[in-house]
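The values are calculated or read from the model by the stated rules, or taken from the named source; none is laboratory data. Because the structure is a prediction, the values reported are computed rather than measured. Every residue, glycine as well, gets a Cβ built from its backbone with ideal geometry; the counts of neighbours run over all protein chains shown. The area values use the complete protein model at the heavy-atom level, side chains included, leaving out ligands, DNA and RNA. Shrake-Rupley method; radii C 1.70, N 1.55, O 1.52, S 1.80 Å.
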Amino acid sequence: MASGKKLFTRKQVEESKEQGTNLFILHDKVYDVGPFLNEHPGGEEVLSEQRNKDGSEAFDDVGHSEDAKELMVKYEIGEIVEAERLNIKPKKVEWIASKSGQSQKSAEEGSGLPYGLIAVAVVVLLIAYNLGLFSSSAQ
């Protein structure tokens, strides 16, 4: 490895118990965020939950800013050995600004659940209406 970073097996990361460290894996890279725990905007519990695990999916699901991704470089301490790499690319999560100025995750591909629920609700209401369940006269 040309970068001079240490190589880890997944088992080494899982079994790491060194005091003051918090190792986890993100996309085949190993990070120690122990020094960053108290500074994490989401709270230290979020990072502690991923300790000694592969947190790639959780990291992608939250959707981190480019600034956060740049900051991560500071905490990268190594990589997973070639034979154990999953080679899964980070998900691209788009963010859009809402009217209130807060950021929201846009709909990701394949995420049709809310639309499906709305469609089912509309069908149920139409059936109920056609069966006369919404009639104004008491029977």
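Summary table
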{"quantity": "Test result for residue 82, in contact with a strand residue (DSSP E or B) (Cβ under 9 Å, 6 or more places away or on another chain), on the phi < 0 side of the Ramachandran plot, modelled with pLDDT of 90 or more and surrounded by fewer than 16 Cβ atoms within 10 Å (Cβ to Cβ)", "calculated": "yes"}
{"quantity": "Selected residue (criterion: most open to solvent (accessible area, probe 1.4 Å)) from residues of the stretch 25-60 that are over 21 Å from residue 92 (Cβ atoms) and assigned to a strand (DSSP E or B)", "calculated": "32"}
{"quantity": "Cβ pairs under 8 Å, 6+ apart, first in the stretch 27-45 and at positive phi, second in a strand (DSSP E or B)", "calculated": "28/79; 28/80"}
{"quantity": "Per-region count, the stretch 41-90, residues within 11 Å of residue 27 (Cα to Cα) and among the hydroxyl-bearing types (Ser, Thr, Tyr)", "calculated": "1"}
{"quantity": "Number of positions in the stretch 87-108 that are modelled with pLDDT of 70 or more and open to solvent by 100 Å² or more (accessible area, probe 1.4 Å)", "calculated": "4"}
{"quantity": "Count of the stretch 1-24 residues which are among the polar types (S, T, N, Q) and either in contact (Cβ under 8 Å) with a residue 60 or more places away in the chain or open to solvent by 30 Å² or more (accessible area, probe 1.4 Å) (or both)", "calculated": "4"}
